[in-house]
Each structure stands twice: as C-alpha cells, then as structure tokens.
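J.: Input: one structure, supplied below.
The values are calculated or read from the model by the stated rules, or taken from the named source; none is laboratory data. Note that this is a predicted model, so its numbers are computed, not measured. Neighbour counts are summed over all protein chains in view; Cβ atoms, including those assigned to glycine, are modelled from backbone coordinates with ideal geometry. Only protein heavy atoms, including side chains, enter the accessible area calculation; ligands, DNA and RNA are left aside. Shrake-Rupley method; radii C 1.70, N 1.55, O 1.52, S 1.80 Å.
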Amino acid sequence: MLAKVFSAGLMGIDAYPIEIEVDVSSGLPKEVVVGLPDAAVKESKDRVHAAINNSGFKYPNDKITINLAPADIKKEGPSFDLPIALGVLAASEEISPGSFEPHIIIGELALNGHIRPVKGVLSIALAARKWGVKSLLVPVDNAREAAIVRDIEVRAVKNLAEAVKYLNGEIDIEPVRLDLEEIFSDSSSYDLDFADVKGQQDVKRAIEVAVAGGHNLIMIGPPGAGKSMLAKRIPTILPVMSLEEALETTRIHSSVGLLSKGDALIATRPVRSPHHTISDIALIGGGAKISPGEVSLAHNGVLFLDELPEFHRNVLEVLRQPLEDGEVTISRASGSLTFPSRFMLVAAMNPCPCGFYTDPKRECRCLPGQIRKYMAKISGPLLDRIDIHIEVGSVDYREMSRGVDGESSKSIRDRVGRARAIQQERYREYGIYCNADMGARQLRSSCRLSGEALGVLELAMNDMGLSARAYDRILKVGRTIADLEGEEDILSSHVSEAIQYRILDRKLWL
C-alpha cells in the first residue's frame with residue numbers, strides 16, 4: 001500500500017516542501033530510502049524500525065520503499081524520522097492516509113518512540129503559512145517556536161504513539177497559543193547597564209553616536225581600559241527589536257540549532273564575539289552543508305571582534321561584503337545561498353603589540369617598525385568601512401572610587417530612539433533604516449552643511465589626506481550627531497566631532 005506524508009526541509013535558513021512517499025509491498029524484507037538522502041536520513045530507517053516496535057506497533061516484514069520528493073535536492077538531518085514512521089504505519093493500515101492532508105509533520109525519533117526537537121522549525125512554520133498549510137505537527141520542545149507564526153495551528157506531540165492516536169482521531173491535541181507581548185516583555189531585558197561603567201564619558205558619547213546612526217565602531221586603547229566592558233553593553237542602548245527583526249533573528253539561530261530549549265523568540269539583540277582564531281568560513285558562513293556564519297548570527301545585533309589585529313588577514317577581508325551590503329552570498333558547486341547580515345561591527349584593539357603606546361603611565365617598549373607592522377594588519381579598505389575610531393584611555397583611581405553611577409542605558413536608549421525615529425521618517429521612501437545605510441543619493445539630499453562646516457571639512461580633508469570613503473563616513477556621522485541634537489543642517493561643531501572620531505586617519509597618530 002502507498003502512503004503520502006508532507007514534511008519540509010531547510011536550505012540555508014529557508015524551508016522548502018517535501019513529499020514523503022512510503023510504499024509497503026510483498027517481497028523480501030528490505031528498506032530502501034531514495035531521493036538524495038544524506039547519512040542522517042539513511043540512518044532514519046533504523047531509528048524508525050526501533051521506534052515503531054517500542055511504541056507498541058508492528059513493523060511490517062515486507063519490502064519498504066521510501067521516496068523523498070523532490071528527488072533532485074539533497075535531504076539532510078534527522079527531522080524526517082517522524083513523518084517516515086507515520087508513513088510506514090499508514091502504508092501498513094495502522095493510520096488512515098487521509099488524516100495527513102492538512103498537516104506538515106517534522107520530528108526526530110528516539111529508539112523508544114520519544115520525539116526530539118529539530119532545527120529550523122520557525123522557518124518551516126513561516127513557509128507553511130506561505131504555502132497555505134493550516135496545521136503543523138511538531139515536537140513539544142519546538143512548539144512555542146512554531147506558534148509564534150500567526151494563522152497556523154501548531155500541535156505538539158511527545159511521542160510516536162500520541163501522534164498516531166491524534167491522527168486516528170482517538171485524542172484531541174489543542175493548538176499551542178502564545179502571548180507575543182508577554183514574550184517580548186519577558187525576553188527584552190538585559191542584565192548589563194551602562195551605569196556600571198565608571199568614567200569614559202568621551203567613549204560613551206562616541207558609542208551613543210555610533211548606535212544612533214548604526215555606525216561601525218573601533219576602540220583603541222591599552223589592556224584593562226574597559227573596551228570589552230563597553231562593547232558588551234552596546235546592545236542595551238540599541239532600539240528595541242520589532243517583531244519582524246525578532247522573527248528574522250530567531251529563524252537564523254533556529255536553523256543552526258542555537259535556539260535554547262523551549263524558547264519561542266529571540267527578543268534581545270544578539271551579540272556574537274568570536275575568538276580571533278576563527279576561520280573565514282566560520283565567520284562568513286559556508287561549509288559542506290552551507291550554513292550561516294557569525295556575521296549572520298549577529299544579524300540585527302552586534303558583532304564584537306576583540307583584539308582585531310590578531311585575526312587572520314583573510315578572515316578580516318571577507319567582512320567587506322556584509323559590511324557594505326547587509327547580506328552575504330555563499331557560492332558552492334551545488335548552488336548559492338544568501339544570508340542576511342546587517343549588524344553593527346564593534347572592534348577593539350591595542351595600539352601596539354605590548355598595548356601601552358598611548359598609556360601615559362606605562363612605558364611602551366615597542367619599536368616604531370613593530371607598531372607600524374602591527375597596525376598594518378588591518379587593511380585600509382576595512383578601516384574605511386568603520387565609521388568611528390575612538391581612543392579608550394585608562395580610568396584613573398579617582399573615577400573608579402567615585403560612588404556615583406554613570407548614566408543608565410535606558411536614558412541613552414531614549415535619545416537613540418528619538419534620533420532613529422528622525423532617520424526612519426527621513427528615509428521612509430528609500431527602504432533604509434539609519435544614517436549608516438545612506439547611499440550617494442541620500443548623502444546629497446540629507447547632508448546639508450553650513451558654510452562654516454564646509455570649511456572645517458575641507459581643512460580636515462587636506463591636512464589628514466582622507467579618502468573619498470572617509471569623507472562620506474564623516475558626513476554620515478555628522479548627520480547622526482545633528483539628529484541627536486535635533487538640527488536640520490550639519491553644523492561645524494557636528495563636523496568637528498565627526499572628524500575626531502577618525503583617529504586612525506591622522507598622520508600624527510603613529
């Protein structure tokens with residue numbers, strides 16, 4: 001007898017429909033899986049066999065052919081265990097074949113019939129709604145994640161026996177319901193706060209400007225100056241995530257299995273901080289099975305690269321495309337996949353190999369050639385894509401011992417929110433979100449400089465030998481500073497402050 005079950009697979013972070021056909025016919029006992037299965041899918045027949053027997057059903061002692069259509073796409077992972085097992089039982093007349101019609105079914109089976117969670121359920125739920133499917137049958141641990149999607153009924157099953165009883169109409173399973181407002185209020189909170197940071201007022205101001213305009217930022221300073229402490233608190237002043245951003249972020253993390261068990265949604269902006277030994281594939285994405293890298297996992301959040309010069313040169317150079325385009329395209333012989341990667345880059349580095357070149361209290365023992373070689377590890381094109389360069393000095397004892405807390409993240413985020421609202425209104429027709437995303441057209445129309453500001457900028461360009469890209473960065477940062485102050489035009493004070501945030505372009509810095 002032939003049975004058909006509907007499921008879905010993942011290609012990158014996007015889902016595609018799969019029709020699983022199971023044919024049980026007389027002949028020598030044998031199980032064959034066709035349709036380009038990988039090793040995990042081929043092994044499913046052994047898990048399915050044990051799960052059916054251990055769930056109180058009889059595994060057919062006949063020839064079983066399992067086809068995964070479409071046959072020209074490679075099927076990967078264990079998420080087809082449950083639909084295959086149900087297809088075998090339907091072909092053996094244990095389940096009515098018509099009961100599969102309204103459902104997409106996914107789940108990995110344990111040998112005792114228990115259903116384990118799988119990756120990418122949110123992407124499958126979003127795709128199912130697009131396909132017009134009204135119901136999903138998923139593992140219990142994935143139910144909240146799938147139920148985020150409106151206009152689709154999500155039913156959670158604990159084991160194979162329960163799934164069979166539901167499909168046969170012996171029991172009823174209520175659809176999982178979620179309160180999105182409650183999830184956002186519970187999840188969108190941080191344990192860190194800028195009030196914990198003593199001193200560093202200039203650096204905090206630079207970070208506020210960077211966040212307000214979505215600008216990339218690099219901090220240069222000696223060890224122990226607080227660069228990592230400041231970077232970890234940047235997400236606390238980023239604008240609150242919208243539902244669209246939360247869904248996009250969650251499905252990326254879900255596709256690689258990083259969503260915590262039982263979590264429904266990532267409502268706080270992600271912070272990714274890879275070690276400097278990371279490979280270019282791990283950073284940008286790819287591999288034998290093309291999957292998102294750190295730049296995509298940081299989408300809608302922060303990518304923090306500590307000790308920037310210690311990263312391999314080829315690793316840093318692959319950042320150029322995502323920094324410019326907000327997405328990354330991975331091409332292999334099997335095809336190309338594009339992942340979103342719109343993030344704020346925050347980098348930190350020492351000014352020299354020993355770290356004390358700019359420290360007034362500790363002597364630097366590095367030779368000028370060593371310092372130049374150390375700084376040359378970061379290419380000019382990459383630095384040009386970083387809008388704000390800020391020096392972080394050591395905090396003295398007086399600042400550390402003061403009992404007064406600094407300004408809270410909430411008050412800074414309120415100012416950032418007002419500046420972002422101005423930008424969203426300004427760029428509504430262009431489909432961009434912040435000043436850092438401005439193109440040539442928006443630079444011409446949105447960055448009006450006063451006469452005095454033009455003179456300051458001309459003087460800086462001539463004296464510092466800035467590139468055309470650095471010129472654009474100064475205009476963008478100046479526009480953000482003006483937005484924070486509610487000014488229509490970019491004034492000389494705004495340009496002067498923006499120029500101060502280009503310390504690595506100054507000839508006298510080294």
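J.: Going through the range 146-181 one residue at a time, which ones are acidic (Asp, Glu) and within 16 Å of Ile115 (Cα to Cα)? Explain how you work it out, then say what you get.
T.: Keep residues of the range 146-181 that are acidic (Asp, Glu), which gives 151, 153, 162, 170, 172, 174, 179, 181.
Scanning the range 146-181 gives a single hit, Glu162.
J.: Failed condition for Glu425, given (1) touching a Pro at 6+ places or on another chain (Cβ under 9 Å); (2) open to solvent by 70 Å² or more (accessible area, probe 1.4 Å), with all others met?
T.: (1)
J.: Here's another thing I want to ask about it. Any residue in the range 254-269 that is outside any loop (DSSP other than H, G, I, E, B) and either among the aromatic types (Phe, Trp, Tyr) or surrounded by fewer than 24 Cβ atoms within 10 Å (Cβ to Cβ) (or both)?
T.: Step one: of the range 254-269, the residues outside any loop (DSSP other than H, G, I, E, B) are 254-255.
When the remaining residues are screened for being either among the aromatic types (Phe, Trp, Tyr) or surrounded by fewer than 24 Cβ atoms within 10 Å (Cβ to Cβ) (or both), the result is none.
For the range 254-269, residues outside any loop (DSSP other than H, G, I, E, B) and either among the aromatic types (Phe, Trp, Tyr) or surrounded by fewer than 24 Cβ atoms within 10 Å (Cβ to Cβ) (or both): absent.
J.: Determine which single condition Ile281 fails, assuming it passes every other condition in (1) closer than 29 Å to Gly224 by Cα; (2) surrounded by fewer than 21 Cβ atoms within 10 Å (Cβ to Cβ); (3) at pLDDT 90 or above.
T.: (1)
J.: A further question follows. Sort through Arg272, Arg320 and tell me the only one that's basic (Lys, Arg), modelled with pLDDT of 90 or more and under 27 Å from Cys434 (Cβ atoms).
T.: On the way: Arg320 fails: modelled with pLDDT of 90 or more.
None of the others qualify; the one that does is Arg272.
J.: May I pose another question? For the range 43-143, list the strands (runs of 3 or more DSSP E) that sit wholly inside it and hold at least 1 residues that are touching a Phe, Trp or Tyr at 6+ places or on another chain (Cβ under 6 Å); which are they?
T.: 103-105
J.: List the number of the failed condition for Gly56; all other conditions in (1) closer than 23 Å to Asn142 by Cα; (2) open to solvent by 10 Å² or more (accessible area, probe 1.4 Å) hold.
T.: Of (1) closer than 23 Å to Asn142 by Cα; (2) open to solvent by 10 Å² or more (accessible area, probe 1.4 Å), only one is false for Gly56: (1).
J.: Please work out if Asn61 is of a type outside the set (Gly, Ala, Ser), in contact (Cβ under 8 Å) with a residue 24 or more places away in the chain and surrounded by fewer than 24 Cβ atoms within 10 Å (Cβ to Cβ). Walk me through how you get there before you give the answer.
T.: Details: of a type outside the set (Gly, Ala, Ser): yes; in contact (Cβ under 8 Å) with a residue 24 or more places away in the chain: yes; surrounded by fewer than 24 Cβ atoms within 10 Å (Cβ to Cβ): yes.
So Asn61 passes the test.
J.: Is it fair to say Val203 is at pLDDT 95 or above and either open to solvent by 10 Å² or more (accessible area, probe 1.4 Å) or of a type in the set (Val, Ile, Thr) (or both)?
T.: Working: at pLDDT 95 or above: no; either open to solvent by 10 Å² or more (accessible area, probe 1.4 Å) or of a type in the set (Val, Ile, Thr) (or both): yes.
Taking the combined requirement at face value, the residue does not satisfy it.
J.: Step by step: first the residues of the range 111-130, then only those that are touching a strand residue (DSSP E or B) at 6+ places or on another chain (Cβ under 6 Å) and surrounded by fewer than 22 Cβ atoms within 10 Å (Cβ to Cβ), then the one that is farthest from Pro78 (Cα to Cα). Which residue is that?
T.: Ala127
J.: Look at the range 438-449 and say how many of its residues are open to solvent by less than 60 Å² (accessible area, probe 1.4 Å) and touching a residue at least 40 places away in the same chain (Cβ under 8 Å).
T.: Residues flagged as open to solvent by less than 60 Å² (accessible area, probe 1.4 Å) and touching a residue at least 40 places away in the same chain (Cβ under 8 Å) within the range 438-449 amount to 3.
J.: Would you please name the residue that is nearest to Gly35 (Cα to Cα), looking only at residues in the range 66-98 that are among the β-branched types (Val, Ile, Thr) and buried (at least 17 other Cβ atoms within 10 Å of the Cβ)?
T.: Of the range 66-98, the ones among the β-branched types (Val, Ile, Thr) are 66, 73, 84, 88, 95.
Keeping just the survivors that are buried (at least 17 other Cβ atoms within 10 Å of the Cβ) gives 66, 84, 88, 95.
Working: Ile66: 8, Ile84: 13, Val88: 17, Ile95: 24 Å.
The selected residue is Ile66.
J.: With the requirement that a residue be open to solvent by 10 Å² or more (accessible area, probe 1.4 Å) and charged (D, E, K, R), what does the range 469-487 give you?
T.: So in the range 469-487, the residues open to solvent by 10 Å² or more (accessible area, probe 1.4 Å) come out as 469, 471-473, 475-476, 484-487.
If the condition is that a residue be open to solvent by 10 Å² or more (accessible area, probe 1.4 Å) and charged (D, E, K, R), then Arg469, Asp472, Arg473, Lys476, Glu485, Glu487 are the ones that fit.
J.: Residues that are out of contact with any helix residue (DSSP H, G or I) (no Cβ under 8 Å at 6 or more places or on another chain), in a loop (DSSP other than H, G, I, E, B) and open to solvent by 70 Å² or more (accessible area, probe 1.4 Å): does the range 364-374 have at least one?
T.: Yes, the range 364-374 contains at least one residue that is out of contact with any helix residue (DSSP H, G or I) (no Cβ under 8 Å at 6 or more places or on another chain), in a loop (DSSP other than H, G, I, E, B) and open to solvent by 70 Å² or more (accessible area, probe 1.4 Å).
J.: Examine the range 336-354 for a residue that is touching a Ser or Thr at 6+ places or on another chain (Cβ under 8 Å) and either on the phi > 0 side of the Ramachandran plot or of a type in the set (Val, Ile, Thr) (or both), and state whether such a residue exists.
T.: So far as the range 336-354 goes, yes, one or more of its residues are touching a Ser or Thr at 6+ places or on another chain (Cβ under 8 Å) and either on the phi > 0 side of the Ramachandran plot or of a type in the set (Val, Ile, Thr) (or both).
J.: While we're on this one: Could you check the range 405-415 and list, in sequence order, the residues that are surrounded by fewer than 17 Cβ atoms within 10 Å (Cβ to Cβ), among the hydroxyl-bearing types (Ser, Thr, Tyr) and either assigned to a helix (DSSP H, G or I) or without any contact (Cβ under 8 Å) to a residue 12 or more places away in the chain (or both)?
T.: Selection gives Ser411 alone.
J.: Could you identify the single residue in Arg402, Arg418 that is at pLDDT 85 or above, within 24 Å of Phe194 (Cα to Cα) and open to solvent by 70 Å² or more (accessible area, probe 1.4 Å)?
T.: On the way: Arg402 fails: at pLDDT 85 or above.
The conditions single out Arg418.
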